[in-house]
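Worksheet for the structure shown next.
The values are calculated or read from the model by the stated rules, or taken from the named source; none is laboratory data. What you are looking at is a predicted structure, and each value in this text was computed from that prediction instead of being measured. As a convention, Cβ positions derive from the backbone with ideal geometry for all residues, glycine included, and neighbour counts pool all protein chains shown. Side chains included, ligands, DNA and RNA excluded: accessible areas come from the protein's heavy atoms. Shrake-Rupley method; radii C 1.70, N 1.55, O 1.52, S 1.80 Å.
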2 protein chains.
Amino acid sequence: MKARIEIRFRPGVLDPEAVAIAKALAHLGFEGVRGVTRAKVIELELAAGDAATARREAERMCEALLANPVIESWQIEILEQA
Amino acid sequence: MKARIEIRFRPGVLDPEAVAIAKALAHLGFEGVRGVTRAKVIELELAAGDAATARREAERMCEALLANPVIESWQIEILEQA
């Protein structure tokens, strides 16, 4: 079972790296960049036998380690293997 | 026009942060994690008037700044605004 987790800053949290990317793109001559947002993806290969268990485990992993619940939110997608 | 870019290491490139995540999860008692893969997402709000231009610009930004073509590959998705 594969869990795909996408983690991003909650609205209103400043992302200095996104700001730096926007500045660097402008500096390189890329005009017309009106906004930059970043997210991180973590894909887990899980031994869990069913999707509900995999989702529950991934949720606990986000809370415990993968994300910072104070400033980040996440979405979990469970992909069952072929 | 919104460009969503997903950047990940090419197959065979070691990702030390993914290894660290796997170890930390095991240390926290999460069993059954058989693999960890990371990717980064960069979403750009672009002034480009059409999808083909937006994709071409995003491609050039990946080559010039956003990714390291030697060790990373990327996928670009263009989302037209409602």
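Scanning the stretch B:1-51 for residues that are among the small types (Gly, Ala, Ser) and either more than 7 Å from every other protein chain (Cβ to nearest Cβ) or under 14 Å from A:Lys40 (Cβ atoms) (or both) turns up B:Ala3, B:Gly12, B:Ala18, B:Ala20, B:Ala22, B:Ala26, B:Gly29, B:Ala39, B:Gly49, B:Ala51.
Consider A:Leu25 carefully, then state whether it is outside any loop (DSSP other than H, G, I, E, B) and either free of Cβ contacts under 8 Å to residues at least 24 places away in the same chain or open to solvent by less than 20 Å² (accessible area, probe 1.4 Å) (or both). Yes. Only one entry in A:Glu63, A:Glu57 is open to solvent by 70 Å² or more (accessible area, probe 1.4 Å) and at pLDDT 95 or above, namely A:Glu63. Out of B:Ala58, B:Ala67, B:Ala54, B:Ala48, one residue alone is in contact with a Phe, Trp or Tyr (Cβ under 6 Å, 6 or more places away or on another chain), in contact (Cβ under 8 Å) with a residue 40 or more places away in the chain and not basic (Lys, Arg). It is B:Ala67. With respect to the stated conditions, B:Glu31 fails to be closer than 16 Å to A:Phe30 by Cα and open to solvent by 60 Å² or more (accessible area, probe 1.4 Å).
A search for C-beta distances below 7 Å between a residue of the stretch A:7-19 that is touching a residue at least 24 places away in the same chain (Cβ under 8 Å) and any residue that is among the acidic types (Asp, Glu), counting only pairs 6+ apart in sequence or on different chains, returns A:Ile7/A:Glu72; A:Arg8/A:Glu72; A:Phe9/A:Asp15; A:Phe9/A:Glu72; A:Arg10/A:Glu72.
Residue by residue, here is whether (1) part of a strand (DSSP E or B); (2) polar (S, T, N, Q); (3) touching a strand residue (DSSP E or B) at 6+ places or on another chain (Cβ under 6 Å) holds:
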| site | (1), (2), (3) |
| --- | --- |
| B:Ala3 | yes, no, yes |
| B:Gly12 | no, no, no |
| B:Gly29 | no, no, no |
| B:Thr37 | yes, yes, yes |
| B:Lys40 | yes, no, yes |
| B:Gly49 | no, no, no |
| B:Arg56 | no, no, no |
| B:Met61 | no, no, no |
| B:Leu65 | no, no, no |
